[in-house]
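Read-outs throughout are calculated quantities, based only on the coordinates presented, and are distinct from any laboratory measurement. No experiment lies behind these values; they were computed from the predicted model shown. Every residue, glycine among them, receives a Cβ derived from its backbone with ideal geometry; neighbour counts consider all protein chains shown.
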Amino acid sequence: MTHGSVFIGQPVTPVRPAGDGAAVQVNILAKHFGPTQVLRDVHFTVARGETVALVGPSGIGKSTVLRIVSGLDTRFDGHVQRPGTMAMVFQEPTLLPWRSARQNLTLIHDGLTEAQADAALDRVGLGGRGDAFPRALSLGQQRRLALARAFAGRPEMLIMDEPFVSLDPELAEQMLSLTEELITEARPATIFVTHARAEADRLASRVLDLRGTPATLSPHLI
Ligand SMILES: Nc1ncnc2c1ncn2[C@@H]1O[C@H](COP(=O)(O)OP(=O)(O)OP(=O)(O)O)[C@@H](O)[C@H]1O
């Protein structure tokens, strides 16, 4: 399991456009942990505005693929082309605890004005809560803040690792709807991991299924 609590909203390197109109181009030939090969021939592209779900059994390598695609893990054979700005949303929202909700946005995104941060908070239903510290926010509000922070950077690529897991059904539905709206507005190339087929069917235009040992993509679903 590699469910870290990571958020990246800054421009990332290498900044290199993917070919063929694709925003993201992934060519993983192999990934090993020590002597163990966990991934083999994982190749896919994601276009701007497209949402792709990555599914597969527990431990198959989904988070590992996300870490490679995001650039957090560079120790693999192959190459990834990704756009210049990305955001990551993980299972647990990672907020700066001693900073206000507004500062959680402005400190992460260079050049984001307080007015723009307030507008981003307003967009996710946190209007008027700009001065609140994360601990004063409910779990649902903290997740809204994490989403506001992710989208405030106008990411060209969005990566989410089981963003709705462990939420009660009502909150999961709220967050799913909000995420759906934000994706529709911002149109990043989105890759997300989920165990819930219903989530994949709802959000994704394409489902990538990791199977086997070492794991590769099931060709019929690509
Ligand atoms: N840092 C690491 N060192 C050694 N092995 C690792 C490391 N990270 C992951 N693995 C192994 O690589 C395999 C894939 O792990 P990964 O977390 O990518 O799977 P996953 O599909 O995301 O699992 P889950 O659905 O349970 O979150 C697992 O066998 C895991 O034990």
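Table for the structure above
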{"quantity": "Euclidean distance of C-alpha centroids, the stretch 39-118 and the stretch 140-171, integer Å", "calculated": "11 Å"}
{"quantity": "Among 152, 189, 198, residue whose mean-square fluctuation peaks in a GNM of the chain (springs only between Cα atoms under 10 Å)", "calculated": "198"}
{"quantity": "Efficiency of FRET between residue 110 and residue 180 - r from beta-carbon atoms, R0 22 angstrom, step 0.05", "calculated": "0.20"}
{"quantity": "For the stretch 11-122, convex hull of alpha carbons as volume per residue, Å³", "calculated": "148 Å³"}
{"quantity": "Chymotrypsin sites (Phe, Trp or Tyr not before Pro) restricted to DSSP loop in the stretch 64-110 with at most 15 other C-beta within 10 Å", "calculated": "98"}
{"quantity": "Percentage relative contact order, the stretch 109-222, counting C-alpha pairs under 8 Å, at least six apart", "calculated": "20 percent"}
{"quantity": "Computed FRET value (nearest 0.05) for residue 195 with residue 103, which takes r as the C-beta separation and R₀ as 35 Å", "calculated": "0.55"}
{"quantity": "Percent breakdown of C-alpha pair distances by 10 Å bin, ordered from the shortest bin, for the chain", "calculated": "8, 35, 36, 17, 4, 0"}
{"quantity": "Normalised contact order of the chain, rounded percent, pairs of Cα under 8 Å and 6 or more residues apart", "calculated": "31 percent"}
{"quantity": "Expected-Rg normalisation [2.2 N^0.38 Å, Cα atoms] applied to the stretch 63-153", "calculated": "1.21"}
{"quantity": "Label-point separation in nm, residue 170 to residue 211, each point 7 Å along Cα→Cβ", "calculated": "3.9 nm"}
{"quantity": "With eigenvalues of the C-alpha gyration tensor scaled by 5 and rooted, the stretch 112-215, Å", "calculated": "27, 16, 12"}
{"quantity": "Helical contribution to [θ] at 222 nm, DSSP H n ≥ 4, -39,500 (n - 2.57), averaged over the chain, rounded to 500", "calculated": "-8500 deg cm²/dmol"}
{"quantity": "Gained length - residue 30 relative to residue 138, 0.36 nm times residue gap less alpha-carbon distance", "calculated": "34.7 nm"}
{"quantity": "Of all DSSP beta bridges in the chain, antiparallel share, percent nearest 5", "calculated": "50 percent"}
